[in-house]
Every structure is written in structure tokens, then in C-alpha cells.
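Colleague: The structure is given below, and queries will be raised subsequently.
The values are calculated or read from the model by the stated rules, or taken from the named source; none is laboratory data. The structure displayed is predicted, hence computed values, not measured ones. Ideal geometry is used to build each Cβ from the backbone, glycine not excepted, and the neighbour counts take in all protein chains shown. Heavy atoms of the whole protein, side chains included, go into the accessibility calculation; ligands, DNA and RNA do not. Shrake-Rupley method; radii C 1.70, N 1.55, O 1.52, S 1.80 Å.
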Amino acid sequence: MRKRLIICIVLLIMLTGCGKEDAMKDTNKQIDFQQVSMQEGLELMEADSDYILLDVRRIDEFEDGHIPGAINIPNESIGEEEIAELPDKSQTIYVYCRSGNRSKQAAKKLVALGYTNVIEFGGILDYSGELED
């Protein structure tokens, strides 16, 4: 009986430890990109001189209208390979999409690729300026 009790206690401690470590991993996750509103992003760009404005919508969406000066690399095409259009991994990259969902996904992927200055600023739905075709 005592042997069973000791085994149960040891197993319980081991299981509790595993669960606690996994929970700590989840709470300690860091987002390595800056997230700001559309307005804040536009203000940051005004004060910045060396950045890339990245639209991660599909090509057809981009061609229908985009923020002036933006380049298009669809979120779906950002993977594990180097991106020729983004050679400087320390350059500031402002990322947007339609609503903010794909831009968050793309920002995470860019950080995973080693980009160190990624600013996600939501979706073009919140942009009130003129669009470029």
C-alpha cells in the first residue's frame, strides 16, 4: 500500500511539473514585433526616413488600391525562405493588410525569419488617405 502511495505521489509531482512548465511557456510568449494603430503607424512613418511599407494582401487586392509607396508581398507567400525584396533585416518594416489579421500573421513570420524592426499597424480599412492603383 505504501509503495503504491509513493508511486502515485511521484507520478502526480511529475505530471504537475509538466503542466506547469507548459503553462509557463504559454504565458511567457513574447511578440517580437510592435503593434500600433493605423494612425500611430502613419505618424511613425512621417518621422521615419528609411523604411519599407509592406502590404500583405493578395495581389488583386493590392492592385485595387494600396497606401502610396507600399510594396506587395502576400502573406501566403511569406514562409521560411529569404525574401529578396526585404534584404536588410534591421530596416523598419511597416506591415498592413485589409483588416489586421494577415498583417499580424505576416509580422510573426517576418520576426521568425530574423527581421528585427517590424511594426504591424492593422488594416487598410482604417486608412482614410488617398489610395494608389
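Condition check ((1) crowded, with 16+ Cβ neighbours inside 10 Å; (2) modelled with pLDDT of 95 or more) across all residues:
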{"site": "Ile73", "(1), (2)": "yes, yes"}
{"site": "Glu76", "(1), (2)": "no, yes"}
{"site": "Glu82", "(1), (2)": "no, no"}
{"site": "Cys97", "(1), (2)": "yes, yes"}
{"site": "Val118", "(1), (2)": "yes, yes"}
{"site": "Gly122", "(1), (2)": "yes, yes"}
{"site": "Leu125", "(1), (2)": "no, yes"}
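Colleague: Could you list, in sequence order, the residues of the stretch 85-133 that are within 11 Å of the chain's Cα centre (by Cα) and at positive phi?
Modeller: Correct list: Gly100, Gly122.
Colleague: Same structure again: What is the number of the single condition among (1) in contact with a strand residue (DSSP E or B) (Cβ under 7 Å, 6 or more places away or on another chain); (2) closer than 18 Å to Asp133 by Cα; (3) open to solvent by less than 70 Å² (accessible area, probe 1.4 Å); (4) without any contact (Cβ under 8 Å) to a residue 60 or more places away in the chain that His66 does not meet?
Modeller: (4)
Colleague: When the residues of the stretch 99-114 are narrowed to those that are over 20 Å from Asp60 (Cα atoms) and without any contact (Cβ under 8 Å) to a residue 40 or more places away in the chain, which ends up surrounded by the most Cβ atoms within 10 Å (Cβ to Cβ)?
Modeller: Looking at residues that are over 20 Å from Asp60 (Cα atoms) and without any contact (Cβ under 8 Å) to a residue 40 or more places away in the chain, I get Lys109.
Colleague: So which residues in the stretch 49-63 are open to solvent by 20 Å² or more (accessible area, probe 1.4 Å), free of Cβ contacts under 8 Å to residues at least 60 places away in the same chain and not aromatic (Phe, Trp, Tyr), if there are any at all? Spell out the reasoning first.
Modeller: Just the residues of the stretch 49-63 that are open to solvent by 20 Å² or more (accessible area, probe 1.4 Å), to begin with: 49-52, 58-63.
Restricting the remaining residues to those that are free of Cβ contacts under 8 Å to residues at least 60 places away in the same chain gives 49-52, 58-62.
Of everything in the stretch 49-63, those that are open to solvent by 20 Å² or more (accessible area, probe 1.4 Å), free of Cβ contacts under 8 Å to residues at least 60 places away in the same chain and not aromatic (Phe, Trp, Tyr) turn out to be Ser49, Asp50, Ile52, Arg58, Ile59, Asp60, Glu61.
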